[in-house]
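Below is one structure; the comments refer to it alone.
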Amino acid sequence: MEPFAFSLPTNLIMGKERYDEVGEHCAKLGKKVLLHYGGGSIKKNGVYDRVVASLKAAGVEFVELGGVKPNPRIELVREGVELCKKEGVDMILAVGGGSVIDSGKGIAVGALSDVDIWDYYCGKVVADKALPVGVVLTIPAAGSECSPVTVVTKMDTHDKRSFHNDLIIPRFAIVAPDVFTSLPKNQIANATIDVISHTLERFFSDSTGVTLMDRFCVATVENAMQQGLYLYDHPDDVDVWADFALTATVAQNGFLGQGRVEDWGTHGIGHEMSSFYDMAHGASLAIATPAWMRYVSKEKPARFVQFAREIMHIYVQDEQRAIEMAIKDFEAFCHRLGLATTLTEAGIPDADIKEMAKSVVKYRSRGQFKVLNEADCLAIYELAL
């Protein structure tokens, strides 16, 4: 087991209609809030009105910035930074899913900095201060509501970059499962794969003495698979949504990675599909995961046999056959959720895989379980065609 120190500073507030409490939580952290959200779904489902009413009742001033897209753009983060400086904002309230939260985290850092926020994502600068961030979660998937990570995209250069910093871990996150019942099928599918992938990035590790965390990883993937399929056909089940949301949080709040070296190679491969073709994050992972597995399992089969037997319940004795059967079953699972598992299925048979492979390792190598260089990335993209 690797040495570790773990704390979870986010106040996780779970329950139906608890977004009505957001004002009192914001009032403890600031006097003027940036209300940050996406394309307007919160105005259709009533969450916006309830949040605004709660802020007003608590005497919290606010300014608004909507328009966050999937694969959040650095340009909007910069706009938010300038708005916060101009308006004297002292807290960020992100009402949305992972994209909105990630955008808000970037704004929280940039609002207290004279350096261009993109430099933080490129690793040129490390944040030493940030505005507090609060969350009202509307899409359970990314786990960003409890994580120290922010990911944004610079579309003109096909860059999708992240940075980690404990300063951007949200101070509170309100998770009201009644909000999730209006999510469309494609978002349920993408959310499910995202949760699974976050867990597998921890599961695939060479660290030893982590049997307990292995079992937590197995249970988290199984839960996500079972609940994702159920919710895809039964989106009105609030109780299952609550359990799925907690599964998503556990998958990305850092707990499952304690005592082990995490991988994150699959995310590196998937991020380039998103930045080159504006593909949804979960959709890119449905393509990247089987290709990465087929490539890496040839070199390091033992962990994939464990994946086949403990997660996918494949018990044939021939290990290579078990691995391939498990990967095919995972692809079949993605197909049941309406997701493509190859670039051709996704309508991109002529994807620029050479440029994507270069971009994956533009700033650093990717992966820890298997460290990926440009040639490795190209081979994985070839398998993904």
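Could you please find all residues in the stretch 276-302 being crowded, with 16+ Cβ neighbours inside 10 Å and over 16 Å from Ala351 (Cβ atoms)?
His281, Gly282, Thr289, Met293, Arg294, Tyr295, Val296, Ser297
Of everything in the stretch 108-142, what is small (Gly, Ala, Ser), surrounded by fewer than 24 Cβ atoms within 10 Å (Cβ to Cβ) and at pLDDT below 95? Give them in sequence order.
Scanning the stretch 108-142 gives a single hit, Gly123.
Residues that are over 20 Å from Tyr121 (Cα atoms), in a helix (DSSP H, G or I), in contact with a Pro (Cβ under 9 Å, 6 or more places away or on another chain) and in the same structural domain as Leu372 (by TED's automatic domain parsing): does the stretch 297-312 have at least one?
Within the stretch 297-312 (the criterion being over 20 Å from Tyr121 (Cα atoms), in a helix (DSSP H, G or I), in contact with a Pro (Cβ under 9 Å, 6 or more places away or on another chain) and in the same structural domain as Leu372 (by TED's automatic domain parsing)), the answer is no, since none of the residues qualifies.
Just give me the residues in the stretch 307-328 being in contact with an Asp or Glu (Cβ under 9 Å, 6 or more places away or on another chain) and either surrounded by 13 or more Cβ atoms within 10 Å (Cβ to Cβ) or at negative phi (or both), in sequence order.
Selection gives Ala308, Glu310, Ile311, Met312, Ile314.
Can you confirm whether Asp178 is outside any helix (DSSP H, G or I) and either farther than 23 Å from Ala286 by Cα or not assigned by TED's automatic domain parsing to the domain that holds Gln252 (or both)?
no
Residues are listed down the side, and each one gets a yes or a no for (1) closer than 25 Å to Gly96 by Cα; (2) modelled with pLDDT under 95; (3) touching a strand residue (DSSP E or B) at 6+ places or on another chain (Cβ under 8 Å); (4) not in a helix (DSSP H, G or I):
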| residue | (1), (2), (3), (4) |
| --- | --- |
| Ala191 | yes, no, no, no |
| Asp194 | yes, no, no, no |
| His198 | yes, no, no, no |
| Ser205 | no, no, no, yes |
| Phe216 | no, no, no, no |
| Val221 | yes, no, no, no |
| Leu229 | yes, no, no, no |
| Ala245 | yes, no, yes, no |
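For (1) touching a residue at least 40 places away in the same chain (Cβ under 8 Å); (2) more than 16 Å from the chain's Cα centre (by Cα), each residue gets a yes or a no:
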| position | (1), (2) |
| --- | --- |
| Glu201 | yes, no |
| Thr220 | no, no |
| Met225 | yes, yes |
| Tyr232 | yes, yes |
| Asp243 | no, yes |
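Would you check which residues across the stretch 117-151 are over 27 Å from Val221 (Cβ atoms) and within 15 Å of the chain's Cα centre (by Cα) and list them?
Answer for the stretch 117-151, where residues must be over 27 Å from Val221 (Cβ atoms) and within 15 Å of the chain's Cα centre (by Cα): there is none.
Confirm whether Gly39 is of a type outside the set (Lys, Arg), over 30 Å from Gly259 (Cβ atoms), out of contact with any Pro (no Cβ under 6 Å at 6 or more places or on another chain) and at pLDDT below 95.
So Gly39 passes the test.
Taking the stretch 146-159 as the search range and keeping residues that are surrounded by fewer than 23 Cβ atoms within 10 Å (Cβ to Cβ) and part of a strand (DSSP E or B), which one is modelled with the lowest pLDDT?
Looking at the filtered set, the residue picked out is Asp159.
For residues that are in a loop (DSSP other than H, G, I, E, B) and touching a Pro at 6+ places or on another chain (Cβ under 9 Å), scanning just the stretch 122-145, find the one that is nearest to Lys16 (Cα to Cα).
Among those that are in a loop (DSSP other than H, G, I, E, B) and touching a Pro at 6+ places or on another chain (Cβ under 9 Å), it is Pro140.
Determine which member of the set Ser162, Ser103 is of a type in the set (Ser, Thr, Tyr) and not in a helix (DSSP H, G or I).
When all the criteria are applied, what remains is Ser162.
The values are calculated or read from the model by the stated rules, or taken from the named source; none is laboratory data. Being a predicted model, the structure only gives us computed values, none of them experimental. Note that we place each Cβ from the backbone using ideal geometry, even for glycine, and neighbour counts take in every protein chain shown.
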